[in-house]
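The numbers here are math on the coordinates, done by the rules we state, and not lab data. Treat the numbers as computed from the prediction; the structure is a model and nothing was measured. Cβ placement follows ideal geometry from the backbone for every residue including glycine, while neighbour counts extend to all protein chains displayed.
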Amino acid sequence: MSSQLPEHNEASLPPQEILDLFKRTFDDELYGNDDEEETGLEKLQSQIQEVKSHLYDRDYIGAFDNDIKRVAYCCRWSPARALGYASLFSHFEPIKDILTCNEQEDKSVLCVGGGAGAELVSIASIFTPSRPFMSKYSKKNNDETTTSNGKLNLHLVDIAEWNHVTERLLKQIETHWLYANEFESFNVNCELNDVLTMNSQALQLNKLDLITLLFTTNELFKEQKAGSIRFLQNLNKNCQKGCLLLIVESAGSYSHITVGTKKFPLQFLIDTILCGQRGEESKGDWEIIDQNDSMWYRCGTRLDYPIKLENMRVFYRLYRKKN
Ligand SMILES: C[S@@+](CC[C@H](N)C(=O)[O-])C[C@H]1O[C@@H](n2cnc3c(N)ncnc32)[C@H](O)[C@@H]1O
């Protein structure tokens with residue numbers, strides 16, 4: 001049976017605020033001037049169709065190979081994902097603690113395949129209300145004497161060149177959500193790189209508190225099976241005790257993978273690498289602390305956004321490093 005995330009978890013900014021951030025960022029593309037032949041939105045819709053056909057063919061490189069396609073993807077898919085991720089991240093108490101730097105310590109998060117903006121905006125939507133000063137959305141009273149909150153270091157690694165998109169989103173986060181002072185404690189590094197070729201130092205695996213792989217593992221395994229297995233083994237070897245790893249995919253979409261002569265669901269292979277063979281989980285490096293094969297996030301029906309917001313039904317696993 002499916003479970004359902006709330007449309008809005010109080011730990012994050014309200015859904016309409018999140019959508020408004022995308023609307024302001026892509027004002028030109030979403031509401032741009034009409035020319036003689038088509039409106040700005042019509043133009044964007046045809047660019048979205050082009051991206052959609054690449055995604056349908058699982059041609060992920062072709063889908064994201066220029067700025068027009070990347071902006072089109074971001075306008076179409078990232079807002080609904082950001083709403084869903086804001087609710088999903090807030091659903092896990094330990095993730096919420098990391099994203100709000102609740103223990104007054106600096107925290108570090110790596111988002112693999114996180115260039116398209118959904119992780120950035122959803123994380124900012126949880127970080128913002130936790131800040132004591134400067135942010136107009138702060139839940140804390142400015143008169144409260146607070147010990148200084150920690151800094152959130154966010155490392156977004158993506159093989160596609162999303163900088164143009166993330167810079168535009170970040171500018172809006174700074175101007176409308178965090179303001180200059182608090183923006184300094186939201187330390188974002190967007191890196192154009194193939195995560196499968198990066199070593200543990202470049203990824204700073206030993207310092208991470210949270211790693212997210214959202215709608216990205218299928219792609220990694222499609223690109224390079226052996227490299228993806230090595231990447232997970234690298235996490236086993238180098239992540240610190242207590243580090244969390246969140247894997248999310250569309251429910252029911254996991255591909256199958258052939259190892260030797262046998263075909264396995266990809267998730268089975270991932271669990272085996274991270275947690276050990278079935279029956280021998282005590283030897284594994286990670287434990288599963290939460291999982292769900294079918295969790296819905298449904299976007300509110302009164303939300304204002306010019307493109308259809310798609311509901312999502314996800315599969316997730318949340319792992320914690322044991323030692
Ligand atoms: C389907 S998109 C998901 C985007 C985002 N995580 C979300 O949930 O909305 C997959 C992302 O993974 C990125 N990606 C694919 N292979 C990668 C690799 N080897 N290293 C880093 N990023 C990769 C793609 O460029 C793309 O941005």
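Here are the numbers for this structure:
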{"quantity": "The range 193-237 residues near the modelled residue 253 label - backbone nitrogen below 15 Å, point 7 Å along Cα→Cβ", "calculated": "213-223"}
{"quantity": "Test item: Cα-centred dipole of the range 26-120, Lys/Arg +1 and Asp/Glu -1 on Cβ, debye", "calculated": "520 debye"}
{"quantity": "Residues residue 181 and residue 222, FRET efficiency given R0 of 56 Å [Cβ-Cβ distance, rounded to 0.05]", "calculated": "0.85"}
{"quantity": "Spacing of the two label points (7 Å from each Cα toward its C-beta) at residue 171 and residue 58, in nm", "calculated": "3.8 nm"}
{"quantity": "Restraint check, 241/263; 69/171; 69/308; 107/308; 43/171, Cα-Cα greater than 28 Å", "calculated": "241/263; 107/308"}
{"quantity": "Partnerless Cys - the chain, beta-carbon criterion under 4.7 Å", "calculated": "74, 75, 101, 111, 190, 275, 299"}
{"quantity": "Two-decimal ratio, the chain, of alpha-carbon radius of gyration to 2.2 N^0.38 Å", "calculated": "0.99"}
{"quantity": "Beta bridge orientation in the range 3-321: antiparallel %, DSSP, nearest 5", "calculated": "45 percent"}
{"quantity": "Under 13 Å, Cβ to Cβ, from residue 204 - net charge with Lys/Arg +1 and Asp/Glu -1", "calculated": "-1"}
{"quantity": "Inter-probe distance in nm under a simple model that places probes 7 Å from Cα toward Cβ, at residue 202 and residue 283", "calculated": "3.2 nm"}
{"quantity": "Value at 222 nm in deg cm²/dmol, rounded to 500, when DSSP H runs of n ≥ 4 in the chain each add -39,500 (n - 2.57)", "calculated": "-11500 deg cm²/dmol"}
